[in-house]
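**Q** Submitted below is the structure of interest, expressed as structure tokens.
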């Protein structure tokens with residue numbers, strides 16, 4: 001348990017710093033911004049309770065709001081993603097995960113992990129961008145922005161996870 005808490009804390013600090021210092025400054029075609037800090041929510045251990053996941057997700061969102069000056073938008077979207085994390089993960093796993101296991105290509109399988117990440121990122125981005133453009137002034141632009149950000153964030157999470165798996169194979 002202590003090992004998983006330290007791992008979550010490391011992911012939290014590393015990916016928040018990376019998001020704030022690098023990815024918040026990337027706006028691909030002024031439409032897509034990668035939100036790689038969601039990797040923290042994706043990699044929370046399977047044995048974490050739903051309330052713990054929501055609290056950690058909410059704190060992650062509050063920290064991102066603090067650095068992004070967005071007044072609770074990230075907190076709400078992250079809390080929603082944290083709330084749906086367990087049902088999504090278990091619907092795609094098809095089996096009980098190990099107690100200390102984190103979702104990955106290896107524990108869920110490649111196809112299930114990709115579906116899990118895609119759905120979790122989609123839920124987060126729909127919530128975040130809907131809150132951001134509360135008036136729904138230009139729904140076509142909103143839809144394009146959601147789709148572009150989902151694709152970019154999901155691809156980055158897949159790349160990070162692929163490097164994470166290669167690192168583990170070389171350690172063994």
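Coordinate-derived values only; no laboratory data. Fair warning: this is a prediction, and the values are worked out from it, not measured in the lab. Using ideal geometry, Cβ is built from the backbone for each residue, glycine included, and neighbour counts are taken over all protein chains shown.
**Q** For region 1-41, what log10 I(q)/I(0) values come out of the Debye formula at q = 0.14, 0.16, 0.17, 0.23 1/Å, with one point per alpha carbon and no solvent?
**A** Log10 I(q)/I(0), no solvent term: -0.37, -0.45, -0.49, -0.71.
**Q** Right, here's the next one. How much length would be gained if the chain were fully extended between residue 151 and residue 136, taking 0.36 nm per residue of separation minus their Cα-Cα distance, in nm to one decimal? Walk me through the intermediate numbers first.
**A** On the way: separation 15, 0.36 × 15 = 5.40 nm, distance 2.13 nm.
Contour length minus the Cα-Cα distance gives 3.3 nm.
**Q** Right, here's the next one. Please state the shape class of region 1-71: rounded when a/c is under 1.5, otherwise prolate if a/b exceeds b/c and oblate if not, all from the C-alpha gyration tensor. Before the final figure, lay out the partial values.
**A** Values: a/c = 2.24, a/b = 1.97, b/c = 1.14.
The shape class here is prolate.
**Q** What ranking do 102, 91, 57 get, fewest neighbouring Cβ atoms within 10 angstrom at the top?
**A** Working: 102 22, 91 12, 57 26.
Going from sparsest to densest Cβ surroundings: 91, 102, 57.
**Q** Here's another thing I want to ask about it. Can you sort 30, 145 from fewest to most other Cβ atoms within 10 Å of each residue's own Cβ?
**A** Details: 30 7, 145 19.
So the ranking, lowest neighbour count to highest, is 30, 145.
**Q** If packing is taken as the average number of other Cβ atoms within 10 Å across a peptide's residues, how do 17-25, 147-155, 131-139 rank, most packed first? Mind showing how you got there, number by number?
**A** Values: 17-25: 14.8, 147-155: 18.4, 131-139: 10.4.
So the peptides 17-25, 147-155, 131-139, ranked by packing, come out 147-155, 17-25, 131-139.
**Q** At 0.36 nm per residue, minus the direct Cα-Cα distance, what do residue 26 and residue 69 gain on full extension? Give it in nm, one decimal, please. Working shown, then result.
**A** Working: separation 43, 0.36 × 43 = 15.48 nm, distance 1.63 nm.
Working it through step by step, the gained length comes to 13.8 nm.
**Q** How big is the C-alpha Rg of the chain next to the rule-of-thumb value 2.2 N^0.38 Å, as a ratio? Before the final figure, lay out each step's value.
**A** Values: Rg = 15.6 Å, N = 172, 2.2 N^0.38 = 15.6 Å.
Scaled against compact globular proteins, the figure is 1.00.
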